[in-house]
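Novice: One structure, as structure tokens, below. Some questions next.
Read the figures in this text as sums done on the coordinates, not as results from a lab. What you see is a predicted model, and the numbers here were worked out from it, not measured in a lab. Every residue, glycine among them, receives a Cβ derived from its backbone with ideal geometry; neighbour counts consider all protein chains shown.
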Amino acid sequence: MNSAHPLDPASAEEYLSGREIMAKAGLLASPVRFAYYGLDDADKAAVLAGPGSESGWAADRRLRAYLVNTDTGESTDAVVSLTRGEVVSTRTLDPAQDGQMPILDSDFALVEEVTKADPGWRAAMARRGYEDLSQIRTCAITAGVFGVADDDRRRMVRVLAFVMPHEHALAWAHPVDGLAAYVDLIEKKVFKVTDEFELPVPAENSDYDDEAVRGPHRTTLKPVEITQPDGPSFTLDGYALSWQGWSMRIGFDAREGLSLHQVSLQDRPVLYRASIPEMVVPYGDPKFRHWQAYFDTGEYLVGKFANSLELGCDCLGEIAYLDATVTDDTGAPRTIPNAICVHEEDFGILWKHTDVFNGSAQSRRQRRLVVSYFSTVGNYDYGFYWYFYLDGTIELEVKATGILFTSAYPHAGHAHSTEVAPGLAAPYHQHMFSARLDMNVDGQANAVEEVDVSGQPIGPDNPYGNAIVQNVTRLTRESQAGRRTDGTRGRTWRIISTERANRFGRPTSYTLYPEPTPALLADPDSPLAARAGFAANHLWVTRYDPDQRWPAGDFVNQNPGGAGLPAFTAGDRDIDGQDIVLWHTFGPTHIPRPEDWPVMPVARCGFVLKPTGFFDRNPTLDVAPPAAHCSDG
Ligand code: CO
């Protein structure tokens, strides 16, 4: 039995005791390393049952470790029970079926060392004029699976090089194109060099913090200060957060980053669990770098790279921070101070009306609770912001910023990239995120309706052709629920309670409003589409299954494909009136602009969940007018 809440993130002490249990079981003989180490989801029924009277929670507290022997490549998926002090299960991966464990921290240094030591690669660099490699930075890129005989079984990465002419230079501005080293991470050597073409290394200085590039700082922006003299309106008790009728618990994991649990509004459940458990960034240049596609979550572990946030820079106002605890390659805990930011923001007008008949003029301010974190994965930086509004709206916004991935610009009018500096190209790419939304709208029994809108042709019931209707399709089986957005029909998906009705006798519900952006553009027969099957649709609905956590499968790195959502839905389960999970793919197809260089202004994407007949009327009538400037009208 445990006293800690079963949804709390794993603590440093828990990581250490889990490691102790694995060591005693003989799983950690050197050189075994942790490619991932995190908390397994607690049993849902035990969580919903609540704590027992004296003995604490009945839920078994379990840690999961992805272990790699860096000499043999043997990879083991191990689960330990902290509650029972024992190893629960181990499974050895079959690389041909399962792929490889995620990239280790130590892989990056290893890659730099062995690449720079390889004679073939050195010769190719020397031909390009780089004898001295002290200015060269290597970039290890996950390999994917392309069916090439010597690529697809070994644990490997592909390596590109960048020139960093001085200590503060922006190396991404100076790609060495046409040359890649393929590194075997177990043999610890380069096993292949591809040297396909030579293009001049772009030379322009892009150090965006160099006064010679940016000019003097502007002095015309006057200060804006956010003050909350009475403190914030939320309360944070451990990982339990509440604000204006909302309540939820905050979780964090090295792989998926921030997660939110048991989100409820006015004591009515809305979401059991919400997170962004996968993302892939496929690049669209077919020449040479056809293999470039990062699964930042499943291959690199986006949570592990969470930033420490700084007050006044990253978040404004009365902030509450939470630290995150992840682990290093040895399974030793590492604390990321101030990783998660909780604050509230004024968000303009909530509602407003000046009545032509009764003369009443009233205005109310919207406000939102923000739970966020930022992560840096290589060249890109991603902010994940969950917003909770006074009117019951939930929004997820991803802020993409940082540095575009670059290559040399091959020729004017190139079809797959934008020239962003002289001779410097930013290839077209997509950012495909997957949100896992374990919905719980007024209880576990939920169903999903697809709602389109359309006009109607002129006819006997519509003589002037002005009719507007909703076209509602109930998605009753998993096979029917792989759906795409349709902006021309205003397509939304409504998650309804099959047990509770509002005062109009209609099911209480929340509606998912997607952004109408393309799904995965890679050919359905491509190696990438097999591995990023989740991104083929904007919506999937599955019956809840605790083993179905990761939309591209448990093991993403060098997985040959077919894992994750396509496999989850193959059984075609009933999803009508069941405990269901929505999986929403979203994100931009990024055609880089010159203005995205040398550092990219934040590009936003995400989705919105709005109460739809969840309440019987506007739930914010009781919000008081702002005290300082507005009268009661
Ligand atoms: Co982009």
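Novice: Using only the Cα atoms, work out Rg/Rh for the range 12-91, with Rh taken as the Kirkwood radius, to two decimals. Write out the running numbers ahead of the final one.
Specialist: Details: Rg = 14.2 Å, Rh = 13.5 Å.
We get a ratio of 1.05 for the range 12-91.
Novice: Right, here's the next one. For Ser106 and His168 in one chain, what is 0.36 nm times their gap in residues minus the Cα-Cα distance, to one decimal in nm?
Specialist: Working: separation 62, 0.36 × 62 = 22.32 nm, distance 2.40 nm.
Extra length available between Ser106 and His168 comes to 19.9 nm.
Novice: Taking the Cα centre of the range 211-281 as origin, sum charge times position over the Cβ atoms of Lys and Arg (+1) and Asp and Glu (-1), and report the length of that vector in debye to the nearest 20.
Specialist: On the way: 7 positive and 8 negative charges, 42 e Å.
Taking the Cα centre of the range 211-281 as origin, the dipole is about 200 debye.
Novice: So between Tyr464 and His290, what do we pick up on full extension, going 0.36 nm a residue minus the alpha carbon distance?
Specialist: Separation in residues times 0.36 nm, less the Cα-Cα distance, equals 57.3 nm.
Novice: Express in whole angstrom the spacing between the alpha-carbon centres of the range 583-631 and the range 237-286.
Specialist: Spelled out, the Cα-based centre of one part sits 16 Å from the other.
Novice: Continuing with the same structure: For the range 235-611, what number results from the quotient of the Cα radius of gyration and 2.2 N^0.38 Å?
Specialist: On the way: Rg = 22.0 Å, N = 377, 2.2 N^0.38 = 21.0 Å.
Normalised Rg, Cα atoms only: 1.05.
Novice: So if R0 is 22 Å, what FRET efficiency would Ala25 and Ile186 give, r being the distance between their Cβ atoms, rounded to the nearest 0.05?
Specialist: Plugging the Cβ-Cβ distance into 1/(1 + (r/R0)^6) gives 0.40.
Novice: Treat each spin label as a single point 7 Å out from the Cα along the C-beta direction, and report the Ala332 to Ala126 distance in nm.
Specialist: Each label point is offset 7 Å from its Cα along the Cβ direction, giving 4.0 nm.
Novice: Can I ask one more? Counting other beta carbons within 10 Å of each residue's own, what order do Tyr464, Tyr66 fall into, fewest first?
Specialist: Values: Tyr464 6, Tyr66 24.
Fewest-to-most ranking of Tyr464, Tyr66: Tyr464, Tyr66.
Novice: Which length gain, in nm to one decimal place, applies between Ala240 and Asp622 when the Cα-Cα distance is subtracted from 0.36 nm times their residue separation? Before the final figure, lay out the partial values.
Specialist: On the way: separation 382, 0.36 × 382 = 137.52 nm, distance 2.50 nm.
Result for the pair: 135.0 nm of gain on full extension.
Novice: Helix-only mean residue ellipticity at 222 nm, the chain, DSSP H runs n ≥ 4 weighted -39,500 (n - 2.57), per residue, nearest 500. What is it? All intermediate terms of the calculation are to be shown ahead of the outcome.
Specialist: On the way: 8 runs with 58 residues, N = 633.
That calculation yields -2500 deg cm²/dmol at 222 nm.
Novice: As a test of understanding, state the convex hull volume per residue of the range 14-147 from its alpha carbons, in Å³.
Specialist: Details: hull volume 22.7 nm³, N = 134.
Spread over its residues, the Cα hull of the range 14-147 gives 169 Å³ apiece.
Novice: Test of the criteria: in the range 438-528, which trypsin sites (Lys or Arg not before Pro) are in a DSSP loop and have at most 11 other Cβ atoms within 10 angstrom of their Cβ? Walk me through the intermediate numbers first.
Specialist: Values: sites: Arg474, Arg477, Arg483, Arg484, Arg489, Arg491, Arg494, Arg500, Arg503; in loops: Arg484, Arg491, Arg503.
In loop regions of the range 438-528 (DSSP not H, G, I, E or B), the sparsely surrounded trypsin sites (Lys or Arg not before Pro) are Arg503.
Novice: Quick check of the Kirkwood formula: for the range 105-214, what is the inverse mean of 1/r over all pairs of different Cα atoms, in Å?
Specialist: Values: mean 1/r = 0.0678 Å⁻¹.
The Cα-based Kirkwood calculation yields 14.7 Å.
Novice: Apply the Debye scattering formula to the range 388-457, with a single equal point scatterer on each alpha-carbon and no solvent, then give log10 I(q)/I(0) at q = 0.13, 0.14, 0.26 Å⁻¹.
Specialist: Debye curve over Cα of the range 388-457, log10 I(q)/I(0) at q = 0.13, 0.14, 0.26 Å⁻¹: -0.73, -0.76, -1.25.
Novice: Further, regarding this structure: Which order results if Ile136, Ile468 are arranged by neighbouring Cβ count within 10 Å, fewest first?
Specialist: Numbers: Ile136 18, Ile468 9.
Fewest-to-most ranking of Ile136, Ile468: Ile468, Ile136.
Novice: What order do you get for Ile141, Ile349, Ile276 when you list them from fewest to most C-beta neighbours inside 10 Å? Let's see the in-between values first.
Specialist: Details: Ile141 22, Ile349 9, Ile276 25.
Listed from fewest to most nearby Cβ atoms, that is Ile349, Ile141, Ile276.
Novice: Pairs Lys352/Lys610; Lys287/Lys399; Lys192/Lys304; Lys304/Lys610; Lys24/Lys188: which exceed 24 Å Cα-Cα?
Specialist: On the way: Lys352/Lys610 19 Å; Lys287/Lys399 29 Å; Lys192/Lys304 30 Å; Lys304/Lys610 31 Å; Lys24/Lys188 29 Å.
Correct reply: Lys287/Lys399; Lys192/Lys304; Lys304/Lys610; Lys24/Lys188.
Novice: If you consider only alpha-carbon coordinates, what radius of gyration and Dmax does the range 532-633 have, in Å?
Specialist: So, for the range 532-633, Rg and Dmax equal 21.4, 65 Å respectively.
Novice: Sequence-distant or interchain residues sharing an amide H contact under 5 Å with Phe614, placed H: which?
Specialist: Ser509
Novice: Taking the Cα atoms only, what angle lies between the long axis of helix 105-117 and the longest principal axis of the chain, rounded to 10 degrees?
Specialist: Roughly 30 degrees between the two axes.
Novice: Could you sort the peptides 178-190, 20-32 by per-residue average Cβ neighbour count (10 Å cutoff), highest mean leading? Don't skip to the end; give the middle numbers.
Specialist: On the way: 178-190: 20.3, 20-32: 15.0.
Result, highest mean first: 178-190, 20-32.
Novice: Something else now. If each Cα of the chain is one equal point scatterer, what is log10 of I(q)/I(0) from the Debye formula at q = 0.06 Å⁻¹?
Specialist: For the chain at q = 0.06 Å⁻¹, log10 I(q)/I(0) is -0.36.
Novice: So which GluC sites (Glu not before Pro) in the range 206-315 are both in a DSSP loop and have at most 14 other Cβ atoms within 10 Å of their Cβ?
Specialist: Working: sites: Glu211, Glu225, Glu256, Glu278, Glu299, Glu310; in loops: Glu225, Glu256, Glu299, Glu310.
Loop-located and lightly packed - Glu225, Glu310.
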